[in-house]
Amino acid sequence: MSAKIEAQNVEIDFPVYSETSRSLTRQLVGKIRNRVEHRSGRAIVHALRGINLAINEGERVGLLGPNGAGKSTLLRVFSLIYPPSSGKIEVTGKISSLLNISLGVEPELTGRENLMIRGIMLGLTPGETQKLLPGIIGFADLEEFIDLPVRTYSDGMRLRLLFSMATATHSDILLMDEWLSAGDQSFHNKAAERMQAMVEKAGILVLASHSVSLLKKTCTRGILLQKGEVLLDGPIEEVCEFYQNQ
Amino acid sequence: MSPRTVPTGFEDFCQSFKHWRIFTLLGWHRVKGNYKRTVLGDFWVTLSLAIRIITIGVVFSFIFESSRADYIPHLALGFIFFGLITANINFSCKIWVQAAGIIKQLPIPLHTHLLQLYWQNLILLGHNLVILPGIWWYAKISPDWYMCWALLGILIVQLNVSWMSLLVAVVCARYRDLAQIITNLMQISYFLTPIMWTPDKILGKARLRISWINWDGSNWRWKETYLELLDLNPFYHLIEIVRAPLLLKPVQDHHWIISLAMMVIGWLLALIVFQKARPKIVYWL
């Protein structure tokens, strides 16, 4: 079977547990309106509703939408991290996700040590990770800094480090969240090339971003989210146009 | 490649063992990491344990008027193994909360984090058991094959501690106050378990008498039995099954029976709770 992501009627509800939950509801209701429900004494935020999607191999999908639309949540549904409150999610293929710039990064340890830990978390043996290190460090342009603690890195450097690591091994599905925009133009180009290469090996890419230029460069299909629902799903050019005209 | 979805509690539990490389390597790394750039490295743990044992051992052996050669080994082993139990249970209160960052990034089974905790604590146990030869020398006993029963004991203790930790992790993820309550309960248990005192001081003196009438074929007769209050303490049995063999003392059957029964019932309970709670745990973090 080939790589595939299939979501059927997925809904994600976030319960908000807080002593001030009742007053919180009253506050939120003003802003989010019908996405917050008050049920048995606590607030529930409907982060995603009625998501019906199928993404097949070879597709490069861009997720767009205003802040709070549900892009990060949807990516986490695809990563099999958030169990759907209702509906079904099925993913075929090995997932590699980069959803947060500081994932499991230990600031006191050096870049090299962090890469070794990252390798372990991704399921590689220390030997395999060692072999990949030169390539990763080279791609990330971090030769000078790799043995310094990560807390001394800038956001851009951290981004390069983690992106390089996440794309070092083959995976069938690559999921990325919008922090990619923290990189500079040359990094965007490099990243775009690499993502293209990865996806060309019959994979799936889902990238959430505010950067329309990055999306147009890397993606073929666009999904526009708003208030937890899919507003538009189609060719990337079309979806970007629609989004920009709003 | 077959389609996958978010694992259920049982699936999460079973899959967690497949990631043995993650939890063993990360666990080892964490243990070493805490003692980077220190002189003794990870053996600081052992040294501080030894100091505690000696100071408390000497003082309390005077208070209890027992011989130091009897009291100190008893105390030492109680410290070490109760330490294992508390470390696991106390840290599992917040384990998923603290790992929330990773949990919301990589779909590693939730139970793997617990396995990593157990591994770390077993490594520390290994460090602490380095003082065993010292304990044996001081108690004037020489190693014997009988002591291998302690290996089985350690296994059963760990299996019991594991279900307790799983249960604690689930409920504390939902009700954050419970973490405080559980830490306090463990502190109280420390005093209610024969670690700083020996069981003989309480056995026979704190009992419940249970009476009932029995029909023996021709007459109704009163029967009675005593229930030692100490036997209600689960940690008492767990400590006994490791401590007694290591001190070449006999282990009473009821310790094994209760420990095994606790294990079976406890695991059933923990797995059922985990199965029900698994879909919601990520949302509690």
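Please go through the range B:132-223 and write out the chymotrypsin sites (Phe, Trp or Tyr not before Pro) that DSSP classes as loop and that have at most 10 other C-beta atoms within 10 Å.
Details: sites: B:136, B:137, B:138, B:145, B:146, B:149, B:163, B:175, B:190, B:191, B:197, B:212, B:215, B:220, B:222; in loops: B:175, B:197.
Loop-located and lightly packed - none at all.
Hey, fewest Cβ within 10 Å first, where do B:280, B:104 land in order?
Working: B:280 14, B:104 18.
Arranged by neighbour count, lowest to highest, B:280, B:104 become B:280, B:104.
Can you give me the pair-distance distribution of chain B, C-alpha pairs, 10 Å bins, whole percents?
Reading upward from the zero bin: 6, 24, 31, 22, 12, 4, 1, 0.
Please identify the trypsin sites (Lys or Arg not before Pro) of the range A:176-246 that satisfy two criteria: DSSP loop assignment and at most 12 other Cβ atoms within 10 Å. Which are they? Walk me through the numbers before you get to the answer.
Working: sites: A:190, A:194, A:201, A:216, A:217, A:221, A:227; in loops: A:201, A:227.
Counting only loop positions with at most 12 other Cβ atoms within 10 Å, the trypsin sites (Lys or Arg not before Pro) in the range A:176-246 are A:201.
Output the lone cysteines of chain B: those with no second cysteine's C-beta under 4.7 Å from their C-beta.
Taking the Cβ cut-off of 4.7 Å, the unpaired cysteines of chain B are B:14, B:148.
On average, how much area does the Cα convex hull of the range A:195-240 cover when viewed from any direction, in nm²? Working shown, then result.
Values: hull surface 13.4 nm².
For the Cα atoms of the range A:195-240, the hull's average projected area reads 3.3 nm².
With an 8 Å Cα cut-off and a minimum separation of 6 or more residues, compute the relative contact order for the range A:63-172 in percent. Can you show the working numbers first?
On the way: 97 pairs, mean separation 33.2, N = 110.
Reported relative contact order: 30 percent.
Ranked highest first by the average count of other Cβ atoms within 10 Å around their residues, in what order do B:8-16, B:84-92, B:56-64 fall? Show your work: numbers first, answer last.
Details: B:8-16: 17.6, B:84-92: 21.3, B:56-64: 14.1.
My ranking of the peptides, most packed first, is B:84-92, B:8-16, B:56-64.
Using alpha-carbon positions, what is the distance between the centroids of the range B:44-114 and the range A:117-160, in Å?
So the separation of the two Cα centres works out to 35 Å.
Name the long-range amide H neighbours of residue A:231: under 5 Å, sequence gap of 5 or more, or other chain; modelled H, no Pro or chain starts.
Sorted by chain and number, the residues that satisfy this are A:224, A:225, A:226.
Looking at the P(r) of the range A:152-244, how many percent of alpha-carbon pairs lie beyond 17 Å?
Values: 2173 of 4278 pairs.
When every Cα pair of the range A:152-244 is considered, 51 percent fall beyond 17 Å.
Could you work out the mean count of beta carbons from other protein chains within 10 Å of each residue's beta carbon in B:17-30?
Values: counts 0, 1, 3, 0, 6, 6, 1, 1, 7, 4, 0, 0, 6, 2.
The shielding value for this peptide is 3.
As a quick test, which of the pairs B:104/B:276; A:131/A:216; A:94/A:217; A:4/A:71 have an alpha carbon distance above 30 angstrom in this structure?
Values: B:104/B:276 20 Å; A:131/A:216 34 Å; A:94/A:217 24 Å; A:4/A:71 19 Å.
Check vs 30 Å cut-off fails for A:131/A:216.
Which whole number in µm²/s is D for chain A by Stokes-Einstein, with the Kirkwood Rh taken over Cα pairs at 20 °C and 1.002 mPa s?
Rounded to a whole number, D works out at 112 µm²/s.
How much net charge surrounds residue B:116 when only the other residues with a Cβ under 15 Å from the Cβ of residue B:116 are counted, with Lys and Arg +1 and Asp and Glu -1? Could you put the intermediate results ahead of the total?
Numbers: positive: B:18, B:21, B:30, B:32, B:94; negative: A:106, B:12.
The answer is +3.
Scan chain B and note any complete DSSP helix (H) whose C-alpha atoms cover at least 24 Å along its axis and whose Kyte-Doolittle average is 1.0 or more. List each step's numbers first, then the result.
Working: long enough: B:44-64 (29 Å, 2.10); B:68-93 (37 Å, 0.97); B:110-128 (28 Å, 0.22); B:149-174 (38 Å, 1.82); B:253-284 (44 Å, 0.93).
Long hydrophobic helices here: B:44-64, B:149-174.
Let me know the Kirkwood hydrodynamic radius for the range B:8-133, please, with Cα pairs as the basis and the value in Å to one decimal. Show your work: numbers first, answer last.
Details: mean 1/r = 0.0605 Å⁻¹.
Across the range B:8-133, the inverse of the average 1/r is 16.5 Å.
Throughout, read-outs are computed from the coordinates displayed, never taken from laboratory work. Keep in mind the model is a prediction, meaning the values are calculated, not measured. We place every Cβ from the backbone using ideal geometry, glycine too, and count neighbours over all the protein chains shown.
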